[in-house]
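J.: I'd like to ask some things about the structure below.
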Amino acid sequence: MTKDEIRSYLEFYRDLGIQSIYLRPPDRSVESVSAPVTEPVRAPEIPPVLLEPLRPSVALPALEPPGDTLEKIREDIGDCRRCRLCEGRNTIVFGSGNPQSPLVFVGEGPGADEDQQGLPFVGRAGQLLTQMIDNTAAKEGLAIRRSDVYICNVVKCRPPENRTPQQDEMETCGQFLYRQLNTIKPKAICALGATAMKALLNTKEGITKSRGRWHEWQDIPVMITYHPSYLLRQYNQQARREAWEDLKTLLHYVYD
Ligand code: SF4
């Protein structure tokens, strides 16, 4: 990475209010290093993101069995072997957070850390998501933290080599996601990345075109934004600023 890229990287995280950045050395486990930004650099003005309500592209069937609960859904998943992703998993990662939350974040699927711990978004991308939620809310004067929202994934088992879930795996496991969302009935959903977007909206649109606008899933507003793992490896300053704007819009809509 060049010095300019490092500067751009740190500026972005500073803008989010982030004081510590987690690095994974090539041959060692995750460690946290303090990375304060010492040189004040004024960020450019960001134009407001235009929000445009859209209808879902397909009519989705009702997916809420009578009296459904998160406990019942987890019970129905059981020691699931409904798709090939069961073969490499250690743990089924169901979801975590506040089951009465007005906001649900949906990611793609568990990674290695999540597969070990049985919880969503606990690795590097999860640490970034936590910082983005906590620091953006604090900066915007909203009294919420990550523990106040609910977080889950499209597929509940880790795909081998962290590959993107295949269509049939998303469809098979998606029934549980839909039941989770129908049970929680949040005020809004945040789809993190292209896989979550496709699972909820059945769209062929690219994420760069869909993000920053309101869509709908079963009459629930859906905000699309980038997956935190994309932001970790993508040194495009614009993508990071866009994700920050998306999150601000989302949090104000849900919590104002
Ligand atoms: S990914 Fe979902 S459908 Fe596939 S085995 Fe795991 S829990 Fe079952």
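Nothing in this text is a laboratory measurement; each read-out follows from the coordinates by a stated rule. Model, not experiment: these values are computed from the prediction. So basically every Cβ, Gly included, is an ideal-geometry build from the backbone, and we count neighbours across all protein chains shown.
J.: By how many nm would the segment from GLU171 to LYS185 grow when fully extended, if each residue of separation counts as 0.36 nm and the alpha-carbon distance is taken off?
T.: Working it through step by step, the gained length comes to 3.0 nm.
J.: Starting from the Cα of ASP219, step 7 Å along the direction of its Cβ; do the same at GLU75; then give the gap between the two resulting points in nm.
T.: The answer from the label model is 2.8 nm.
J.: Could you list log10 I(q)/I(0) for the range 49-255 at q = 0.11, 0.15 Å⁻¹, which the Debye formula gives when each Cα is one point scatterer?
T.: -0.46, -0.91
J.: Does the range 154-256 come out rounded, prolate or oblate by the C-alpha gyration tensor, with a ≥ b ≥ c the root eigenvalues, rounded set by a/c under 1.5 and, if not, prolate when a/b is larger than b/c and oblate if not?
T.: Note, shape of the range 154-256 comes out oblate.
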